[in-house]
Amino acid sequence: MTADLTINNLHVTVEGQEILKGLNLEMNKGEVHAIMGPNGSGKSTLANTLMGHPAYHVTEGEVWFKGQNILTLAPDARSRLGLFLAFQYPSTIPGVSVSNFLRTALNARYQQPGPADSGNGQGEGKGLSMRDFRDMLKSRMAMLKMDPGFARRYLNDGFSGGEKKRVEILQMAMLQPEIAILDETDSGLDIDALRIVSEGVNQLMSPNLGVLVITHYQRILDYIKPNRVHILLNGRIVLSSGPELALELEERGYDWVKEQFGQSALGPGTAA
């Protein structure tokens, strides 16, 4: 059986430095996978590479989703295919309301590629009517227990860390991706905000959605329960197991992983 998302031997450089050094991963819709690792191991590099950030250069490897090597696609084409990234540090856009931002994003997602489109994100299509959009936004905000007045505020302008992350989850609820990547969504959140954001993710879980949680700490996994936990070290996944692995990392830290896998993760002939 072929996995819904397959990453084969992924090598990525940033500003001339190799960060990912042969990463392999498989996951399916309906599953939650967590990627954990110490600072500098390549976690955010993986997230940005999957969505096509131009600063991250793939030198080797493939990423297969829906029968396509998505590394050949533009970021917006990857989004229309069903990928979504919740940013660690969401941008602030004064003057653009949450509602207008979401409607623009949703209509761009519904835009269908034209016959000459080869992954450049250009195409033709018809978005939602204003009425349909408002109904959809109202229902998603109710599901996430968000104040309807939130939609009229400027995007992330003056928002707390928790509010910014809730907007990311609201965007995820509107776009309805098939694979969602949460890049350290727990960063900067207190316990109450973390619980609220996690509950939103859990509300969206279904057999049609796979979630890749990228995190440094175990605490978010108390709320979003993973099926598999992977440890990323020196640009490679060196160990994969069940949710108990996250608890072991919480108790023992990463030193034992570095001692056991540090040199082998770097590869032959490479110094630490």
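The values are calculated or read from the model by the stated rules, or taken from the named source; none is laboratory data. Just so we're clear, the structure is a prediction, and the values are computed from it rather than from any experiment. Methodologically, a virtual Cβ is constructed for each residue, glycine included, from the backbone with ideal geometry; neighbour enumeration extends over all protein chains shown.
If only one of L46, L23, L10, L50 is in contact with a helix residue (DSSP H, G or I) (Cβ under 8 Å, 6 or more places away or on another chain), under 20 Å from L249 (Cβ atoms) and either aliphatic (A, V, I, L, M) or without any contact (Cβ under 8 Å) to a residue 60 or more places away in the chain (or both), which one is it?
Only one candidate qualifies: L23.
Would you tally the residues in region 173-188 being over 25 Å from N107 (Cβ atoms) and surrounded by fewer than 22 Cβ atoms within 10 Å (Cβ to Cβ)?
Final tally of qualifying residues: 3.
Hey, among F84, F65, which residue is modelled with pLDDT of 95 or more, among the hydrophobic types (A, V, I, L, M, F, W, C) and touching a Pro at 6+ places or on another chain (Cβ under 8 Å)? Outline the logic, then answer.
Details: F65 fails: touching a Pro at 6+ places or on another chain (Cβ under 8 Å).
After ruling out the rest, the residue left standing is F84.
Is it fair to say M143 is surrounded by fewer than 17 Cβ atoms within 10 Å (Cβ to Cβ), more than 15 Å from Q171 (Cβ to Cβ) and either modelled with pLDDT of 90 or more or among the hydrophobic types (A, V, I, L, M, F, W, C) (or both)?
Taking the combined requirement at face value, the residue does not satisfy it.
Taking A77, is it surrounded by fewer than 18 Cβ atoms within 10 Å (Cβ to Cβ) and at pLDDT below 95?
No; evaluated as a whole, the condition is false for this residue.
With the requirement that a residue be assigned to a helix (DSSP H, G or I) and small (G, A, S), what does region 127-169 give you? Write out each step before concluding.
So in region 127-169, the residues assigned to a helix (DSSP H, G or I) come out as 130-143, 148-152, 161-169.
Across region 127-169, the qualifying residues are S139, A142, G149, A151, G161, G162.
A quick yes/no check of all residues on (1) of a type in the set (K, R); (2) within 15 Å of the chain's Cα centre (by Cα); (3) over 27 Å from Y254 (Cα atoms):
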site: K138; (1), (2), (3): yes, no, yes
site: A142; (1), (2), (3): no, no, yes
site: G162; (1), (2), (3): no, no, yes
site: T185; (1), (2), (3): no, yes, no
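On the basis of being in contact with a helix residue (DSSP H, G or I) (Cβ under 7 Å, 6 or more places away or on another chain) and farther than 18 Å from L85 by Cα, does R195 make the cut?
no
N107: at pLDDT below 90 and more than 22 Å from V197 (Cβ to Cβ), yes or no? I'd like the intermediate steps shown before the answer.
Numbers: at pLDDT below 90: yes; more than 22 Å from V197 (Cβ to Cβ): yes.
When the stated conditions are applied, N107 passes them.
Working carefully through the options G22, G16, G42, find the one that is among the small types (G, A, S) and out of contact with any strand residue (DSSP E or B) (no Cβ under 7 Å at 6 or more places or on another chain).
Numbers: G22 fails: out of contact with any strand residue (DSSP E or B) (no Cβ under 7 Å at 6 or more places or on another chain); G42 fails: out of contact with any strand residue (DSSP E or B) (no Cβ under 7 Å at 6 or more places or on another chain).
Criteria check complete, one pass: G16.
From the list L209, L233, which one is in contact with a Phe, Trp or Tyr (Cβ under 7 Å, 6 or more places away or on another chain) and over 27 Å from P94 (Cβ atoms)?
L233
Please enumerate the residues belonging to region 233-250 that are in contact (Cβ under 8 Å) with a residue 60 or more places away in the chain and among the polar types (S, T, N, Q).
N234 - this is the single residue of region 233-250 that is in contact (Cβ under 8 Å) with a residue 60 or more places away in the chain and among the polar types (S, T, N, Q).
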